[in-house]
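Below: one structure, written as structure tokens.
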2 protein chains.
Amino acid sequence: MATGRTHRPATRSRGIPEATVARLPLYLRALTALSERSVPTVSSEELASAAGVNSAKLRKDFSYLGSYGTRGVGYDVEYLVYQISRELGLTQDWPVVIVGIGNLGAALANYGGFASRGFRVAALIDADPAMSGKPVAGIAVQHADELEKIISDNGVSIGVIATPAGSAQQVCERLVAAGVTSILNFAPTVLTVPDGVDVRKVDLSIELQILAFHEQRKAGEEAPPEEETAPPVAPPAATVKKRTDPGSDGDVPAVMPA
Amino acid sequence: MATGRTHRPATRSRGIPEATVARLPLYLRALTALSERSVPTVSSEELASAAGVNSAKLRKDFSYLGSYGTRGVGYDVEYLVYQISRELGLTQDWPVVIVGIGNLGAALANYGGFASRGFRVAALIDADPAMSGKPVAGIAVQHADELEKIISDNGVSIGVIATPAGSAQQVCERLVAAGVTSILNFAPTVLTVPDGVDVRKVDLSIELQILAFHEQRKAGEEAPPEEETAPPVAPPAATVKKRTDPGSDGDVPAVMPA
DNA sequence: CCATCTTTGTGCACGCGTTCACAAAGGCAT
DNA sequence: ATGCCTTTGTGAACGCGTGCACAAAGATGG
Ligand SMILES: NC(=O)c1ccc[n+]([C@@H]2O[C@H](COP(=O)([O-])OP(=O)(O)OC[C@H]3O[C@@H](n4cnc5c(N)ncnc54)[C@H](O)[C@@H]3O)[C@@H](O)[C@H]2O)c1
Ligand SMILES: NC(=O)c1ccc[n+]([C@@H]2O[C@H](COP(=O)([O-])OP(=O)(O)OC[C@H]3O[C@@H](n4cnc5c(N)ncnc54)[C@H](O)[C@@H]3O)[C@@H](O)[C@H]2O)c1
């Protein structure tokens, strides 16, 4: 999961587990594809396969929404699309602002899949005066001074942060003060927000590091004893550390205990 | 989480829980910031706060790595940076290819945080002949025909997919066949890969939908009885559905049982 | 109307992850 | 050297998520 909620004691919202909520968009995507091919019904097995999950999990997920589906037949595609859309709140329009129209922000603004699901880019905001008025993806960039007014005028409750990390917390606070209660953060920083505000983050660097970990592990399994480069840092602090795990002793650790 | 592994029975790699691995980059980022400020040691409480997690969780996470840290004092920042880097496999260089140099791919190529942690963009690959040779972020884009040769020549094991959804599976298969064993997928599709290949996905649309869900829930709590727009789809399939949950009956569902 | 066959919905058990709470460890002052 | 004070490392309890396996539901054919 490139994803991750921040804070909030994992309250099961309205009885629907968080893990299930996170999968509903996957089901919806698969169902939309079926719908476009005019497939009338689909079994849990087929749909699960299309969404890349276990069929038992899918059935359990749907059971939290209600008892849609017909035994011996499956699920009515159109009906299920509607039910999930409604559950996710996609039957209404969500105006979204993007703050920080640099490389990433511009790419996001140009992203078609944005509008495809009820999300409407209400404004693009940047602090650079040179950007003001410049059209990106057909929308004129507005200056950060206007942020509060834009949020308020458009009733925006979802904000996307694509500024440098150093500005992210400050932008976040302004967004929240102006009324935004959900934030999608692309900047590599931990955002601190008041209760009642949801933050989700997307961090490319973290994803790559997780992949690197597994990659190293795969490589280490087939070629166990390899020499490590010189130890770039000194041992702990004052006294020399005595390691608890046997085998490697303190300073220059072997690549992996395998 | 914008993130999510695909397949693989959640094998605890080398005893380090997957959830812990996903947090190590967070700790590393916080530690790097401390290191730049020349802070010598840090307590679990401080570091946890900087990383946005619980201090008990942090200590347990570190306990999987070994017994670094000094009771009564805390952790040596430099030493811990090295240990986590080593654990994540960041002491070595990871050549990465990006496939699909459109809006997003170009933004990724321009992303500085890429190289900052041992990840080196080995090549940019696109199928559009018009892109070939064009420099993006100082690197000439290469044609997709060269994909296999590039992977092989550079020993690339990590690939980033930023093509349209329709091409993603095909690109994925070529990457895997050429020797890539870790994939970061930005296309909104479920990728099917053989065992031994790790896939992580980043999906903006899914993140927004999850936020919308919670946003709707927040809004629904303060204004319970609101009228829904007309039911856009017909009831289930053949016979009229009898809903199991009481209150709303079948067809036009009330907004929320609250 | 009845039998059969398919597929849902879910009770249950298990394992992972989180959190609490505390004993052990070590620095530091006296 | 001794005692105090801080902070780690972890045992244990708990809760959530996952997957199995099956009974119930309903469609379909005769
Ligand atoms: N480019 C990527 O692929 C990528 C990937 C992962 C993460 N990120 C992160 O996303 C963020 C943006 O990346 P980028 O490559 O687009 O950077 P960028 O420098 O190209 O763009 C940043 C933009 O934010 C604007 N900005 C700065 N401070 C602001 C403020 N206070 N209010 C409003 N706007 C402000 C700047 O004027 C600039 O246009 C960074 O935090 C980066 O680490 C980028
Ligand atoms: N732009 C965003 O912010 C954003 C956000 C989330 C997800 N995505 C997803 O990321 C992907 C890329 O988005 P984008 O906006 O950059 O699209 P884009 O159309 O701008 O770029 C796609 C690029 O991929 C290339 N391509 C197509 N088929 C290829 C193939 N078989 N091999 C190699 N290259 C190929 C095209 O030539 C093009 O340059 C899409 O799947 C999109 O849904 C984009």
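Averaging 1/r across all pairs of distinct Cα atoms in region B:2-137 and inverting the result yields a Kirkwood radius of 17.2 Å. Between region B:116-147 and region B:153-223, the alpha-carbon centres lie 20 Å apart. Which value in nm describes the separation of the simple spin-label points at B:V39 and B:N110, placed 7 Å from the Cα toward the beta carbon? Placing both labels 7 Å beyond Cα along the Cβ direction yields 3.3 nm. Nearest 5 percent is fine: what portion of the DSSP beta bridges confined to region B:94-207 is antiparallel? Roughly 10 percent of the DSSP beta bridges within region B:94-207 come out antiparallel. With label points set 7 Å from Cα along Cα→Cβ, the inter-copy distances at B:A219 are 4.9 nm, sorted shortest first. Normalised by 2.2 N^0.38 Å, where N is the number of residues, the C-alpha radius of gyration of region B:94-207 stands at 0.97. Take the Kirkwood radius over Cα pairs of region B:21-93, plug it into Stokes-Einstein at 37 °C and 0.692 mPa s, and you get 272 µm²/s for translational diffusion.
Contact order, relative form, for region B:18-87: 40 percent (alpha carbon pairs under 8 Å, 6 or more residues apart, mean separation divided by residue count). Along region A:164-170 the Karplus relation, 6.51 cos²θ - 1.76 cosθ + 1.60 evaluated at θ = phi - 60°, assigns HN-Hα couplings of x, 4, x, 9, 4, 4, 5 Hz to successive residues, with x for each Gly and Pro. For A:V136, the amide hydrogen comes within under 5 Å of the amide hydrogens of A:V141, counting only partners 5 or more places away or on other chains and with H modelled in the peptide plane. The amide H of A:T41, built 1.01 Å from its N in the peptide plane, has A:V77 as neighbours under 5 Å, considering only residues 5 or more places off or on other chains.
Beyond 22 Å in Cα-Cα separation lie the following of the pairs A:K218/B:K201; B:K57/B:K201; A:K57/B:K57; A:K57/B:K201: B:K57/B:K201; A:K57/B:K57. Magnitude of the charge dipole for region A:18-87, about its Cα centre and with charges confined to Cβ atoms of Lys, Arg (+1) and Asp, Glu (-1), is about 140 debye. Relative contact order, whole percent, for region A:94-207 stands at 24, derived from Cα pairs under 8 Å and 6 or more residues apart.
Here, each number is a calculation from the coordinates, and none is a lab measurement. In this text, all values refer to a predicted model and were calculated from it rather than measured experimentally. Because the Cβ atoms are built from the backbone with ideal geometry, glycine has one as well, and the counts that use them run over all protein chains shown.
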